[in-house]
């Protein structure tokens, strides 16, 4: 019995050590976001990566994002806008502003995991709005401003370098001026507008349903052959039964606002 108790204790210690080794890690970096009116703002982004419970998930998921957050100042009001979602299948790809209102577009990468929150989403893009002093809320297509057109945040984050500080000597003068506003200790992983665009173009060519020009309907998808894979070929028909978003309790939930700061 003593041997068994000792063995159990040793296993428990090893399990706790493994959990500590693979504890989730939060990484932050700053991206430039090109707004519809030509202004460029700084957006602080963060992801949490790692295992929430060691030995439960497969080894290849150790560096996969567990949640995303963004924070930016509304250039029209100075209000600090925050958004986060603990669903790793929901990725923010656009932020923009109209007066005091903020707009966010998120890409839903897995219908089955997110249908309770957003219903059937196809094309897999959800539009959110944040009014000053309120929470994020999902909005219908007809309420989305026409200037919400193109992704201005990085789509692909896995395997992308968030540790290197950009070389100021090879940056354009306007890029250099913008990064110099950022404290030096926060420049690691800094993403310029040009770099985000190039990376998104690469992902558009390889990423399944992601495209920079955000589609409002199936007809807006650049490549209709994307509809014929085993995973999505029946999606348009499946979505017809979910036209009424009111049947979903999460229809007005667009992630969590962590508070507005004047």
task: List the number of the failed condition for residue 146; all other conditions in (1) in contact with a strand residue (DSSP E or B) (Cβ under 8 Å, 6 or more places away or on another chain); (2) modelled with pLDDT of 85 or more; (3) in a loop (DSSP other than H, G, I, E, B); (4) over 19 Å from residue 86 (Cβ atoms) hold.
output: (1)
- request: Could you list, in sequence order, all residues of the stretch 85-100 that are surrounded by fewer than 18 Cβ atoms within 10 Å (Cβ to Cβ) and in a strand (DSSP E or B)?
  value: 98
statement: Selection from the stretch 122-141 of residues closer than 18 Å to residue 93 by Cα, at pLDDT below 90 and surrounded by fewer than 19 Cβ atoms within 10 Å (Cβ to Cβ) yields 140, 141
query: How many of the residues making up the stretch 29-60 are surrounded by fewer than 16 Cβ atoms within 10 Å (Cβ to Cβ) and at pLDDT below 85?
result: 8
message: Given the criteria farther than 19 Å from residue 46 by Cα and modelled with pLDDT under 90, does residue 219 qualify?
response: yes
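Given the criterion within 19 Å of residue 69 (Cα to Cα), in contact (Cβ under 8 Å) with a residue 24 or more places away in the chain and not in a loop (DSSP other than H, G, I, E, B), identify the matching residue among 188, 137.
Details: 188 fails: not in a loop (DSSP other than H, G, I, E, B).
Within the list 188, 137, the selection yields 137.
The values are calculated or read from the model by the stated rules, or taken from the named source; none is laboratory data. Worth saying up front: this structure is predicted, and the values here are computed from it rather than measured. All Cβ positions, even for glycine, are placed from backbone atoms using ideal geometry, and neighbour counts span all protein chains on display.
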